[in-house]
Amino acid sequence: MAVAAAVCGAQGAVLAAVGAVILVLAIVGDPGDLTQAIGGSVTLLALAVVPLVAGHGLWRLRRWSRGPGVMAQLLALPIAFTLLGSGGGWVLAALPLAASALLVLGCLLSPTATEALGVGPRSA
């Protein structure tokens with residue numbers, strides 16, 4: 001569970017950092033479209049909340065945290081696939097994103113995790 005929590009936290013931190021950098025560059029630089037740059041950065045900052053909250057909940061073994069954790073990873077996989085198809089330097093972002101999403105999904109869907117979080121089938 002600690003691995004899933006740490007990776008979710010790292011994913012959220014990276015999203016927040018990229019969103020913050022884009023926002024700063026939009027404010028101090030000369031973006032082609034200021035509205036689009038600010039909108040994109042705010043979107044990334046908002047999306048960063050999900051894996052950060054999930055990571056915190058997983059670290060504390062909170063039952064509710066599994067859903068947002070799985071959701072964040074299921075969203076990350078098509079994004080990674082899209083980045084992979086873009087080629088160039090985006091492949092360097094796609095591979096760790098896909099690997100981390102698969103790692104967290106494996107952790108969260110394992111019988112050990114379901115037992116630790118108390119979300120598995122209950123015996124009568």
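A few notes on this one:
- Meets criteria (more than 21 Å from ALA13 (Cβ to Cβ), touching a residue at least 24 places away in the same chain (Cβ under 8 Å) and either in the same structural domain as MET1 (by the TED database) or open to solvent by 30 Å² or more (accessible area, probe 1.4 Å) (or both)) for LEU109: yes
- Subset tally (residues that are among the hydrophobic types (A, V, I, L, M, F, W, C) and over 15 Å from the mean Cα position of the chain (by Cα)) for region 27-56: 6
- Residues (without any contact (Cβ under 8 Å) to a residue 24 or more places away in the chain and crowded, with 19+ Cβ neighbours inside 10 Å) located in region 7-52: ILE22, ALA26, SER41
- Filtering region 80-91 for residues that are closer than 30 Å to GLY120 by Cβ, in contact (Cβ under 8 Å) with a residue 40 or more places away in the chain and either among the charged types (D, E, K, R) or surrounded by 13 or more Cβ atoms within 10 Å (Cβ to Cβ) (or both) leaves an empty set.
The values are calculated or read from the model by the stated rules, or taken from the named source; none is laboratory data. This is a predicted model, so every value here is computed, not measured. As a convention, Cβ positions derive from the backbone with ideal geometry for all residues, glycine included, and neighbour counts pool all protein chains shown. Only protein heavy atoms, including side chains, enter the accessible area calculation; ligands, DNA and RNA are left aside. Shrake-Rupley method; radii C 1.70, N 1.55, O 1.52, S 1.80 Å.
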